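What follows is a single structure, written as structure tokens, with notes after it.
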Amino acid sequence: MRLKIVNVGDPVLRALAEPLTRDQLLSSSVQTMIDLMRETMRDAPGVGLAAPQIGEPMQLAVIEDKAEYQQSLSKSDLKERDRKEIPFHVIVNPMLELLGDPTEVFTEGCLSLPGFSALVPRSKQVRVLCLDHRGESRVIEASGWYARILQHEIDHLQGTLYIDRMQSRSFSSIENYNRYAKSSTAAGEDRRG
Ligand code: ZN
């Protein structure tokens with residue numbers, strides 16, 4: 001079953017999401033929601049999905065960057081983006097620490113703004129303290145594209161969208177991005193979260 005993804009303009013995307021208690025996280029309703037979010041993200045497809053994007057103002061997001069999503073990118077594009085396969089996992093109540101200024105500029109999209117993309121500067125490295133889907137504490141040290149996904153998803157939990165951080169003159173429909181803006185080597189859009 002695929003959940004409905006809410007689009008920009010819905011107030012839930014601008015709200016501060018609520019932290020989850022361990023009991024709430026382990027409840028069957030939230031565990032079922034995680035399963036449905038995984039299906040919805042894969043169906044979209046996207047590399048991340050935050051609970052507010054399905055209308056739930058909770059501090060929870062799912063992330064997965066499959067090798068098959070990266071097939072349209074050349075080796076040099078993958079290297080430039082420091083993009084690697086990231087297995088499915090859940091982040092809950094994340095605390096984000098940026099390890100460096102947002103100097104990495106690449107095209108980003110969002111499942112809640114379908115059909116558009118823009119250049120967004122992000123930090124190359126981050127550290128995230130969070131809980132996993134079982135309520136166990138995790139420390140995630142991430143760099144490159146994974147660090148970008150984490151920043152994008154954790155922004156969603158604070159009511160922030162990539163359009164708040166984008167280089168606004170690069171904002172484009174994906175159709176026009178592919179027609180005019182795309183580098184000669186990068187094929188297709190960069191995946192959305
Ligand atoms: Zn998004």
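Please report the net charge: other residues with Cβ closer than 11 Å to the Cβ of T160, K and R +1, D and E -1.
-1
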Query raised in the report: Averaged per residue, what accessible area in Å² does the chain show with a 1.4 Å probe, protein chains only?
Result: 49 Å²
Requested in this report: Run the accessible area of segment 11-184 with a 1.4 Å probe and give the carbon-and-sulfur part as a rounded percent.
Outcome: 50 percent
Query - Longest segment of the chain lacking trypsin sites (Lys or Arg not before Pro) that sit in a DSSP loop with at most 14 other Cβ atoms within 10 Å - result: 5-83
Report summary line: Expressed in nanometres to one decimal, the distance between label points 7 Å along Cα→Cβ at S29 and I163 is 3.1 nm
Report task. Determine the dipole magnitude for the chain: charges of +1 sit on the beta-carbon of Lys and Arg, -1 on that of Asp and Glu, nothing else is charged, the reference point is the Cα centre, and the result goes in debye to the nearest 20. Result -> 380 debye
Query - Global size of segment 11-184 as Cα Rg and Dmax, reported in angstrom - result: 15.7, 50
Report task. Give the angle, between 0 and 90 degrees and rounded to the nearest 10, that separates the Cα long axis of helix 28-43 from the longest principal axis of the Cα atoms of the chain. Result -> 10 degrees
Query raised in the report: Does anyone have the angle between helix 144-157 and the longest principal axis of the chain? Alpha-carbon axes, 0 to 90°, nearest 10?
Result: 50 degrees
**Report entry** Estimated vicinal HN-Hα couplings, Hz - segment 64-78 in sequence order (Karplus 6.51, -1.76, 1.60; Gly, Pro = x)
**Finding:** 6, 10, 7, 4, 5, 6, 9, 5, 7, 9, 6, 4, 6, 5, 5
Query raised in the report: Expressed as a rounded percentage, what relative contact order does the chain have, with Cα pairs under 8 Å and six or more residues apart?
Result: 26 percent
Report task. Order F88, F171, most accessible first, counting only protein heavy atoms with a 1.4 angstrom probe. Result -> F171, F88
Query raised in the report: In terms of modelled amide H atoms, which long-range or inter-chain residues lie less than 5 Å from the amide H of K124?
Result: T103, E104
**Report entry** For the chain, share of DSSP beta bridges that run antiparallel, in % to the nearest 5
**Finding:** 95 percent
Query - Computed FRET value (nearest 0.05) for Y180 with L99, which takes r as the C-beta separation and R₀ as 25 Å - result: 0.15
Query raised in the report: Can you tell which of P102, S137, L60 lies farthest toward the positive end of the dipole of the chain, using +1 and -1 charges on the Cβ of basic and acidic side chains (Lys, Arg; Asp, Glu)?
Result: P102
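The values are calculated or read from the model by the stated rules, or taken from the named source; none is laboratory data. Please read all numbers here as calculations on a predicted model, not as lab measurements. In this analysis, Cβ positions are derived from the backbone assuming ideal geometry, glycine residues included, and neighbour counts consider all displayed protein chains. In case anyone asks, the SASA skips ligands and DNA or RNA and just uses the protein heavy atoms, side chains included. Shrake-Rupley method; radii C 1.70, N 1.55, O 1.52, S 1.80 Å.
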